[in-house]
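Some notes on the structure that comes next.
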Amino acid sequence: MIVPLVRIGFILTWLSVYFLPKKTVKRYLPSSTMAALLVMTTVFIGTHFNAWKVKGGTITRILNILSIILGPFSVGTLWILRFTFGKFWLYVLINLVQNLIYAFPILNILDKINFIKYVKFTRIHHIIASMTYAIIIYGYQLLLEKR
């Protein structure tokens, strides 16, 4: 019963976008979309190699993964870019803190409620991959700004 509530909570993070100026959403949405595509690619590859385990049938697994990627991950990317774009080291620091919070306390909670469990993909792998994506996303946004 708790897993569907967690999914709903993740998707409800989009309500916070209401507080962002429309111009900001328009400016950073392409980078947020790029970030989601990078993570989805990792999910498809990682699922094939059993890097993590998501309980339930195919639909449950898809809903759990998508609720994370399209919920707090995409929205978080918008917010982080909003407050840190143009200040690269602050951007890196905020991303590192956010990734550490996700990799340790949040993943522990998600594991306990059988939402997702890392098997071959460790928390260190998560941090390395996420920080790499963060740098790619920042570079992508720089390219968009120069157009």
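The values are calculated or read from the model by the stated rules, or taken from the named source; none is laboratory data. Everything numeric in this text was worked out from a predicted model, so none of it was measured. Virtual Cβ from ideal backbone geometry, glycine too; neighbours counted across all protein chains shown.
Specify which of the listed residues (ASN99, ASN50) is in contact with a Lys or Arg (Cβ under 9 Å, 6 or more places away or on another chain), polar (S, T, N, Q), at pLDDT 90 or above and closer than 22 Å to ILE128 by Cα.
After applying the criteria, what remains is ASN50.
Would you be able to tell me the number of residues in region 1-19 that are outside any helix (DSSP H, G or I) and crowded, with 17+ Cβ neighbours inside 10 Å?
0
Look through LEU107, LEU70 and report the one residue that is out of contact with any strand residue (DSSP E or B) (no Cβ under 7 Å at 6 or more places or on another chain) and either of a type outside the set (D, E, K, R) or more than 18 Å from LEU5 (Cβ to Cβ) (or both).
On inspection, the qualifying residue turns out to be LEU70.
What residue, of VAL17, VAL25, VAL3, is free of Cβ contacts under 8 Å to residues at least 60 places away in the same chain, among the aliphatic types (A, V, I, L, M) and over 18 Å from THR132 (Cα atoms)?
Result: VAL25 is the single residue among VAL17, VAL25, VAL3 that is free of Cβ contacts under 8 Å to residues at least 60 places away in the same chain, among the aliphatic types (A, V, I, L, M) and over 18 Å from THR132 (Cα atoms).
Regarding region 18-35, can at least one residue be identified that is over 16 Å from the mean Cα position of the chain (by Cα), of a type in the set (D, E, K, R) and over 27 Å from GLN141 (Cβ atoms)?
no
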